[in-house]
Amino acid sequence: MTEGETYYYVVRSLDQSFNRSGDSAEVSGTPEARTVTLVLNVTVPDWTPDDRSVHIAGTLSRLDGGFPDWNSSAVSLFPAGTDQWTITFTGLEGTTIEYKYTLGSPDFFDVEKDASCAEIGNRLLTLTYGDDGTHTVNDAVLNWRNVAPCGN
């Protein structure tokens, strides 16, 4: 189905003798994308410096709210417990975003790294409505650039 295009339907029945009924009354429907609440939860390494904030950068302009694309300091997550951070967005079902987590200080930002301190690809996510319109993602950052063990 294509969003915004009107579709028309009729129903016909078949009895046990394979006799067909006439068409039912015609009905129409126009599919519309549904709004999804996206909840991103991230666990960071326990050696993450306490004086820095966790941020998200990516193709966030695809979501509601006018967020910028690939700005390492513009979108901050909120502390949600020891080594836990969270943020909530909304967007249309089927929207795909790419993103990474960053660690900020007043002077610079560090991007997430894998377990061996190597670069990682962008995280990729497509919003799905699910049962109740909430799409929850639980991510984990394994290391940060320029934070031990990946740097000074």
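A few remarks follow.
- Restricting V44, V36 to residues that are in contact with a Phe, Trp or Tyr (Cβ under 6 Å, 6 or more places away or on another chain) and surrounded by 13 or more Cβ atoms within 10 Å (Cβ to Cβ) narrows the list to V36.
- Among the residues of the range 93-122, the ones that are touching a Leu at 6+ places or on another chain (Cβ under 9 Å), within 22 Å of H135 (Cα to Cα) and either at pLDDT below 95 or surrounded by fewer than 16 Cβ atoms within 10 Å (Cβ to Cβ) (or both) come to 3 in all.
- When every residue of the range 52-62 is checked against the conditions, at least one turns out to be among the basic types (K, R), within 17 Å of the chain's Cα centre (by Cα) and not in a strand (DSSP E or B).
- Search result, residues across the range 131-152 that are assigned to a loop (DSSP other than H, G, I, E, B), under 23 Å from the mean Cα position of the chain (by Cα) and in contact (Cβ under 8 Å) with a residue 40 or more places away in the chain: G133, V141, L142
For (1) acidic (D, E); (2) closer than 22 Å to V111 by Cβ; (3) modelled with pLDDT under 90, each residue gets a yes or a no:
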position	(1), (2), (3)
S24	no, no, yes
E32	yes, no, yes
P49	no, yes, yes
S53	no, yes, no
D69	yes, yes, no
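- Scanning the range 24-33 for residues that are farther than 30 Å from G91 by Cβ and loosely packed, with under 10 Cβ neighbours inside 10 Å, we see that the one that is farthest from the chain's Cα centre (by Cα) is A25.
- Scanning the range 4-50 for residues that are hydroxyl-bearing (S, T, Y) and in a loop (DSSP other than H, G, I, E, B) gives T6, S13, S17, S21, S24, T30, T48.
- Elements of the type strands (runs of 3 or more DSSP E) sitting completely within the range 71-128 and holding at least 2 residues that are without any contact (Cβ under 8 Å) to a residue 12 or more places away in the chain: these cover 78-81.
- Qualifying position, being closer than 23 Å to T35 by Cα, in contact with a Phe, Trp or Tyr (Cβ under 7 Å, 6 or more places away or on another chain) and not acidic (D, E), among I87, I97: I87
The values are calculated or read from the model by the stated rules, or taken from the named source; none is laboratory data. Since the structure is predicted, the reported quantities are computational estimates derived from the model, not experimental observations. Positions of Cβ are generated from backbone atoms using ideal geometry, with glycine treated the same way; all protein chains shown enter the neighbour counts.
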